[in-house]
Structure formats: C-alpha cells, structure tokens
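Before any comments, here is the structure.
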Amino acid sequence: MDTIASLFSFITTPVSWVIVQFHKLYGALFGPDTGWAWGLSIVSLVVLIRVCLIPLFVKQIKSTRNMQALQPKMKAIQERYKNDRQRQSEEMMKLYKETGTNPLSSCLPILAQSPFFFALYHVLSSIASGKTIGVINQSLLDSARQAHIFGAPLAAKFMDSPEKVAALDASLNSVRIVTAVMIVMMSASQFYTQRQLMMKNVDLTVKTPYMQQQKMLMYIFPLIFAVMGINFPVGVLVYWLTTNVWTMGQQMFVINQNPTPGSKAQDHYLQRLLKSVSTHGEVRGRRRRNVVQAVVAKGPDRNENERRFITGLAKAGFSAQADGSVAKADPATAEAEDAAAGRRQQPRRQSKAQRQTGGTTAARTSLEKKDGDAGDTAAEERAGAGSGGDSAPRSARQAKSGQRKGPQRPKHPSSKK
C-alpha cells in the first residue's frame, strides 16, 4: 500500500467493508462478478453517506439563507471600513456572532464526504493495480476486476493506455465512451443543480456580490468536474454521478417545499397553497399552517409574494389567522383589514413615454399659469385707470429697484434722507 493510501487507511477499511456487505446482497441477486453487483454497491454506499449527511445539509441551507440575508449589511460594513481591514473583519465577526451565522456551514456536506471520496478512489485504484486493500481479499479483488459497467471495468480511466485497459479485459473505445458519457452527465447535473438554486431559490429583490459569485460558480464547477473526471476510475465516476443526482433531487425537494423568502420558488409555493385553500376551505398540513402563521406574523414587513398571497386569500373570501389557519370572511372586509395592517407597496415605475408626457403636461400647466397671471395684471391696470387712479396698477405697487420687498425698516433719526 502506498504512502497516500496509508494516510487514508482509517477510512478505507470501513468503506471497503461497507462495499463488501452491499456486494454480498446484490451478488446474490445479479451474480458476484457482475457490474450490477459492484456498481449498485457503490451507489448504495453513496445513498448511505448522504442519508447520514442530511443534518449537515439542513445546516447548510440555514447558513446559505442567513448569508443571503446578511449580504446588504456586509456590503455596508465593507463600504464603511474599506480603508481599515482589521476593523472590517471585527465588524464582520460581530455580525456573524449576533445572527448566529457560520460561513463554513455551507461547505460542511462537501467537507464531510471528501474522506469517503478519497477512500473509494484508493480502493478502486488498488483494484486496478491488483492489490488488496481493507477487507477486500484476493477473491473479492479478482471478482471486482472482472466486473464491467456497459463494457468498462470499474477501475479503468479515460486516460488509461490500451495495454492497461486490455489487462482489465476491455477495449479502449468502450472505456472512453462510457467515461465520457458519465463525465458529461456528472457536469450537467452539477450545472443544473446550481442553476435551479440561482434562478428559482434566490431573493431577486436583493442584488449583492454573493449572487455574482454563485453565478460564476455555476459555470466554474462543471468545468472543474469535467477536467478532473478524465482521471477518475469508472467506479469513482459512478460515485460522483450518484451524489450529484442525489444533490439535485434533494435541492429540488427543498426548493419545492421550503423556498427562500422573496424568490420565484416562494411565489409558486404560495400560489399552490392559495389554490389548495380555495379548493378545500382550510390549510391542510402542519407545515403549511406554519408557513401561513409566519406570513401573518410578518405584518407590514411581508414581501411582494406574501402580500399577493394575503390579497388572494381575501379575494377568495378567506382571512389568514395568527395560528396558521384561515377563516371565512367577506372579501371587502378582508381587503380592508389587510390594508389597515399597513401593506407597503412600491410605486409603479413609469415608462419613458409616460415620464416625457408628464413633463410636457407640467410645462404646459406652468405656461398657462403664467399667461393667467399676465391677464390678471392687465385687468388690474385697466381697472385702476377706470377708477381715476385710486387703485394703482400692480407694476406701480411693486418695490422700487434696489429696495427690499415687504415692509421697510424705519430709518434712524441721524441718518441722511
């Protein structure tokens, strides 16, 4: 066993033991030397690991959402202390402590499964080299070397030489086709997972550098997987493809059932909830009642999606209650109560043509006012002339040039007249 593999011996032995146990199960169904038995053993290993990592995934979701919510405050701190890096770091740490946010929580699932990934990589590399590792003895080693997935051995790589592939009883073309297809699927699943996170489960009303970083990662990560994939054995590609598909499905479930406030996914969720309430006349399910309760508790701080949901309930003849249930109500009364709660709506943005039309109307009104004032002045002058000068025209009543308008201050007796 090489030096690197010896460093991971504390994890390679448990990983190899788990694979062997699953192999016994699937070997009884499909045959011990088949690719299905060994391939499904790797897939089952992934599922077992990801199930154990679900608590960390929940922490990752909370940390990611807290980081999104803190982005405006973090940006304000960076701008305020842009010339003082130490003070900037202290304020950031203070903000994290006050809100209970840990930036590293978003990386916990990846960090936690990394040892299993490296352990599986060394197990498969040892199988390719014909070396026993962990609890895999010589008989299991020979069985694993005979296992093929769509004509590609578990231990073969895209960059292997024809001689090495021939030693595993396979053709180079079969290995490269299978590995290329799996690399493309692995990169595509990674891209789709990140894309649905950015397009559906992000509060689009807040524009922060965090969103730009996530957008860059959406394109960088698939490229990294594609470059690294050509050096992975087929068994490792099975592992990584399975974990990407699991992540994609897990992310879809979270977006569908627990979306980020202010996102498109939240709007779709609340509209489905509104349709369910309109159909059944009640909020079905404890989780849904908790959602309605949270929306009611926000009051005037609701976002646009939540205000639209409350308005939709009012139009359907329902009023959301503080305990998360709904009650029958007159639509007009419900809308009046919602307005009294202090709904704050942003003014509609006018188009360029509307702004220009508004400016022209204002200018026209100003000109008409000036013309009216001029007509009034002329009328006063004519009235003054007709009354024999008792009423002076407005121009005569105006202050003389150089004099202050309004009542004049009396002169001092010693001053010259």
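The values are calculated or read from the model by the stated rules, or taken from the named source; none is laboratory data. Here the structure is a predicted model, which means the values were calculated and not measured. Please note: Cβ atoms are built from the backbone with ideal geometry, for glycine as well, and neighbour counts cover all protein chains shown.
Among the residues of region 244-251, at least one is more than 28 Å from residue 123 (Cα to Cα) and at pLDDT below 90. Looking at residue 74, is it part of a helix (DSSP H, G or I) and free of Cβ contacts under 8 Å to residues at least 12 places away in the same chain? Judged against the criteria, residue 74 is not a match.
Taken over region 122-139, the criterion of being at positive phi and surrounded by fewer than 15 Cβ atoms within 10 Å (Cβ to Cβ) is satisfied by 130 alone. Among residues of region 297-318 that are assigned by TED's automatic domain parsing to the domain that holds residue 274 and in contact (Cβ under 8 Å) with a residue 60 or more places away in the chain, those with a Cβ under 9 angstrom from a residue that is crowded, with 16+ Cβ neighbours inside 10 Å and in a helix (DSSP H, G or I), sequence gap 6+ or separate chain, pair up as 303/266; 304/267. The set of residues in region 120-167 that are touching a strand residue (DSSP E or B) at 6+ places or on another chain (Cβ under 8 Å), farther than 23 Å from residue 31 by Cβ and outside any helix (DSSP H, G or I) contains only 157. When region 37-62 is examined, which residues are found to be hydrophobic (A, V, I, L, M, F, W, C), more than 16 Å from residue 139 (Cβ to Cβ) and either surrounded by 15 or more Cβ atoms within 10 Å (Cβ to Cβ) or in contact (Cβ under 8 Å) with a residue 60 or more places away in the chain (or both)? Scanning region 37-62 gives 40, 42, 43, 45, 46, 47, 49, 53, 56, 57, 61. Tell me, which residue of region 303-330 that is assigned to a helix (DSSP H, G or I) and acidic (Asp, Glu) is surrounded by the most Cβ atoms within 10 Å (Cβ to Cβ)? For region 303-330, the residue satisfying everything is 306.
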